[in-house]
Amino acid sequence: MNINEFIVQVAIAEHHVFAEEIVTEMAESAKARGTGIAKRSPEYIASKMKEGKSVIAFHKDGSWAGFCYIETWSHGQFVANSGLIVSPKYRKGGLAHAIKQEIFNLSRALYPKAKIFGLTTGLAVMKINSDLGYEPVTYSELTQDEDFWKGCQSCVNFEILKMKDRKNCMCTAMLYDPAEKKHEAAKLFAEELQKKPGLYERFMRIKSRLVIKPKSGLKSILVLFTLLFNK
């Protein structure tokens, strides 16, 4: 499968006909991974298309292939690229990276001063985020907007988040700050996780019991590096 077989573009209102399929695939994907997501209705997805705040991908044969949308928090100070989904038959071909790149570009164009963040348990998404300039950070560096955190209630790990007073969970927090482009350490971190068998699982075990006091993202990642490579 070649990435040139796909069209990745900013969604328009007419794409609302794919909203039901997108929502269904989001739910099925989360179920297969054993995780939860903030549940969205087809109407909500359609509204993002109408507002010009989403990216959609199609195969050259016209079939729907992927989607992602923008949410804003804390009065536009934070932006989340949410709901990344790729149709199962088009996965592992680089399409997720292309969609993330396009939604990242759109976010930067619409909200040039906003911090862009995400929460993920997936190594592949961590790698993509690192390539885009995100770095791992503590949860304290994310938006504290209560509406955002309410979205975690549908996740199977929500009790862990509550138990840790919203300071840590199974997801890794990653942030792109347009004022601080300190992402080389984050990129190296993702590359090392990808190269070394078992390192990602060890990382998740350490992170699940570690609460790092608020500090810079760079210092946080160095702490994790130290713990990982001295095990």
**Report entry** Given (1) open to solvent by less than 30 Å² (accessible area, probe 1.4 Å); (2) at pLDDT below 85, index of the condition Pro197 fails
**Finding:** (1)
Query - Of all residues in region 8-33 being of a type in the set (Asp, Glu) and farther than 23 Å from Gly122 by Cβ, the one that is nearest to the chain's Cα centre (by Cα) - result: Glu20
Requested in this report: Out of Lys162, Lys115, Lys150, Lys92, report the one residue that is open to solvent by 40 Å² or more (accessible area, probe 1.4 Å) and in contact with an Asp or Glu (Cβ under 6 Å, 6 or more places away or on another chain).
Outcome: Lys115
Report task. Output yes when any residue across region 125-132 is of a type in the set (A, V, I, L, M, F, W, C), surrounded by fewer than 19 Cβ atoms within 10 Å (Cβ to Cβ) and out of contact with any Phe, Trp or Tyr (no Cβ under 7 Å at 6 or more places or on another chain), and no when none is. Result -> no
Query raised in the report: Can Tyr44 be described as open to solvent by 10 Å² or more (accessible area, probe 1.4 Å), under 30 Å from Asn4 (Cβ atoms) and of a type in the set (Phe, Trp, Tyr)?
Result: no
Report summary line: Considering region 86-114, residues that are basic (Lys, Arg) and closer than 17 Å to Trp64 by Cα, and then whichever is farthest from the chain's Cα centre (by Cα), we arrive at Lys89
Query raised in the report: In region 95-112, what residues are out of contact with any helix residue (DSSP H, G or I) (no Cβ under 8 Å at 6 or more places or on another chain), open to solvent by less than 60 Å² (accessible area, probe 1.4 Å) and hydrophobic (A, V, I, L, M, F, W, C)?
Result: Ile99, Ile103, Leu106
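The values are calculated or read from the model by the stated rules, or taken from the named source; none is laboratory data. The structure displayed is predicted, hence computed values, not measured ones. Positions of Cβ are generated from backbone atoms using ideal geometry, with glycine treated the same way; all protein chains shown enter the neighbour counts. Note: accessible area is taken over every heavy atom of the protein model, side chains too, but ligands, DNA and RNA are not part of it. Shrake-Rupley method; radii C 1.70, N 1.55, O 1.52, S 1.80 Å.
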